[in-house]
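Worksheet: one structure, shown below.
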Amino acid sequence: MKKEISAEFMWHLDEVVIPFPVALVTTIDALDRINAAPFGLILPYCSDPSNPQMLLCTASMWQTSYNIIETEEFVINYAPYALIEKVAEAGKMFDAGVNEIERTGLTALPSIKVRPPRIEECFQHIECILEKVDRPTERQTNFIGKIVSISMNETLINKTRDEKLKIADPLLIYGDDIVKQTGNYMRTGETRTYTPPDIYDLD
């Protein structure tokens with residue numbers, strides 16, 4: 001039996017079951033001050049290699065949004081499970097201008113193509129230049145970024161998909177109490193490779 005539910009506040013984390021990979025998004029403001037904040041609503045927007053793009057969904061009031069609008073660049077740094085405490089610390093409501101990378105004891109790493117830094121302790125980095133801003137509501141701002149560089153830990157290069165997953169050990173979030181700033185985190189478990197017995201089942 002199925003039951004319909006309504007899309008209440010934070011429905012994507014509190015009502016439906018959708019685990020999201022967690023990334024620390026780094027930006028800079030007009031004064032070159034660094035900001036780093038955790039996000040889960042990040043997805044590939046265009047997979048065509050002729051124009052690779054990422055979609056980042058943010059709250060309009062957050063410093064990340066202000067910075068991207070000001071400087072038009074951002075870096076998506078994918079966090080491993082071991083960074084739970086530092087990711088949560090970076091998500092606190094700091095004053096504008098606070099460098100969360102320094103505050104959490106993480107390490108800034110110069111990016112390859114953009115000004116916001118990568119984060120050394122993260123396993124994968126996607127550098128983006130802003131292409132489009134979409135505001136579905138006053139409270140939410142979505143950014144479509146053109147990918148200008150992708151880098152990752154050398155330990156992930158030339159590995160199988162399963163090996164990459166085990167080595168990276170990505171941090172995922174499946175729930176969040178925004179008032180208490182309490183996140184529900186998880187890591188990947190069992191994996192399986194499967195191919196249908198007849199991939200060309202044509203009439």
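Conditions (1) in contact with a Leu (Cβ under 8 Å, 6 or more places away or on another chain); (2) among the small types (Gly, Ala, Ser), marked per residue:
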{"residue": "ILE76", "(1), (2)": "yes, no"}
{"residue": "TYR81", "(1), (2)": "yes, no"}
{"residue": "GLU85", "(1), (2)": "no, no"}
{"residue": "ASP95", "(1), (2)": "no, no"}
{"residue": "ASN99", "(1), (2)": "no, no"}
{"residue": "GLU102", "(1), (2)": "no, no"}
{"residue": "ALA108", "(1), (2)": "no, yes"}
{"residue": "ILE112", "(1), (2)": "no, no"}
{"residue": "PRO117", "(1), (2)": "yes, no"}
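Do the conditions hold for ARG115, that is, is it more than 17 Å from ILE42 (Cβ to Cβ) and part of a strand (DSSP E or B)? Spelling it out, it is not the case that ARG115 is more than 17 Å from ILE42 (Cβ to Cβ) and part of a strand (DSSP E or B). Scanning the stretch 21-40 for residues that are farther than 20 Å from ILE101 by Cβ and crowded, with 16+ Cβ neighbours inside 10 Å turns up nothing. Counted as qualifying within the stretch 15-101 are the strands (runs of 3 or more DSSP E) with 2 or more residues that are within 18 Å of GLY145 (Cβ to Cβ) and among the polar types (S, T, N, Q), namely 23-28, 53-59.
Read-outs throughout are calculated quantities, based only on the coordinates presented, and are distinct from any laboratory measurement. Everything numeric in this text was worked out from a predicted model, so none of it was measured. Positions of Cβ are backbone-derived with ideal geometry, glycine not excepted, and every protein chain shown enters the neighbour counts.
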